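**Student:** I have a structure here, written as structure tokens, and I will follow up with some questions on it.
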Amino acid sequence: MNREAQLEAIFGAFRGTEGPLLPILHEVQHTFGCVDPAAEATIAHELNLSRAEVHGVVSFYHDFSATSDPRPCIELCRAEACQARGVEALVPAAEQAAGTRVKLKTVYCLGLCSVGPAARVGERVHARLDSAALIKLVHSV
Ligand code: FES
């Protein structure tokens, strides 16, 4: 299925639903790895919005990126509860282990506050991370 057909399938899945912009953006991000300017324009046209409106949403939320990044990604929570449970002490070694091969992305809350520090790789979450566990996770992706 080519890009246009994939976009049309995404639009079709949300046609007629209320507030379709965010679900469409999430699906486009998931499908293509980014919401690039061409996708923004197509989405704006489909939803009868301005490019500026769509771009404003894309650039506001950290979930969306304008360019795709083929590296494996670990989303590491650095919100307050995980900070209180020591995530900041884990970051330098994790960044060193990740190097340029793995993208270590900061996110704010994965809903695992009581069992942090927490991270997510794809759909899988990892809790109670210590330095060794996080470095092991970096090497496993
Ligand atoms: S603050 Fe880290 S999972 Fe909620």
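Rule-based calculations on the coordinates, nothing more; no lab input. Being a predicted model, the structure only gives us computed values, none of them experimental. Every residue, glycine among them, receives a Cβ derived from its backbone with ideal geometry; neighbour counts consider all protein chains shown.
**Student:** Looking only at segment 87-116, how many residues end up being surrounded by 14 or more Cβ atoms within 10 Å (Cβ to Cβ), under 18 Å from the mean Cα position of the chain (by Cα) and assigned to a loop (DSSP other than H, G, I, E, B)?
**Tutor:** Pass one, segment 87-116, residues surrounded by 14 or more Cβ atoms within 10 Å (Cβ to Cβ): 87, 90-91, 93-94, 97-98, 102-105, 107, 109-110, 112-113, 115-116.
Pick out the ones that are also under 18 Å from the mean Cα position of the chain (by Cα) and you get 98, 102-105, 107, 109-110, 112.
Narrowing the set further to residues that are assigned to a loop (DSSP other than H, G, I, E, B) leaves 102, 109-110, 112.
The number of residues fulfilling the criteria is 4.
**Student:** Have a look at ARG101, ARG124 and point out the one that is away from the ligand (no atom under 11 Å from the Cβ) and without any contact (Cβ under 8 Å) to a residue 12 or more places away in the chain. Steps first, please.
**Tutor:** Details: ARG101 fails: without any contact (Cβ under 8 Å) to a residue 12 or more places away in the chain.
Result: ARG124 is the single residue among ARG101, ARG124 that is away from the ligand (no atom under 11 Å from the Cβ) and without any contact (Cβ under 8 Å) to a residue 12 or more places away in the chain.
**Student:** Another question, then. Take segment 34-74 and flag every residue that is farther than 24 Å from ALA9 by Cβ and touching a residue at least 24 places away in the same chain (Cβ under 8 Å).
**Tutor:** The answer is HIS62, ARG71, PRO72, CYS73, ILE74.
**Student:** For segment 49-86, which positions are surrounded by 14 or more Cβ atoms within 10 Å (Cβ to Cβ), of a type in the set (A, V, I, L, M) and more than 19 Å from the chain's Cα centre (by Cα)?
**Tutor:** Hits for segment 49-86 are LEU49, ALA81.
**Student:** Residue by residue through segment 3-41, note down the ones that are among the acidic types (Asp, Glu), part of a helix (DSSP H, G or I) and within 21 Å of ASP69 (Cβ to Cβ). Quick ask: steps written out before the conclusion?
**Tutor:** Going through segment 3-41, the residues among the acidic types (Asp, Glu) turn out to be 4, 8, 18, 27, 36, 40.
Subsequent filtering for residues that are part of a helix (DSSP H, G or I) retains 4, 8, 27, 40.
Within segment 3-41, GLU27, GLU40 meet the criteria.
**Student:** Moving on. Taking only pairs six or more apart or across chains, which ones have beta-carbon atoms under 6 Å, a first residue in segment 75-89 that is at negative phi and more than 8 Å from the ligand (Cβ to nearest atom), and a second residue that is part of a strand (DSSP E or B) and of a type in the set (Lys, Arg)?
**Tutor:** Short answer, once both residue conditions are applied: GLU75/LYS105; GLU75/ARG120.
**Student:** Please verify whether GLU46 is part of a helix (DSSP H, G or I) and buried (at least 17 other Cβ atoms within 10 Å of the Cβ), treating the condition exactly as stated.
**Tutor:** Criteria met by GLU46.
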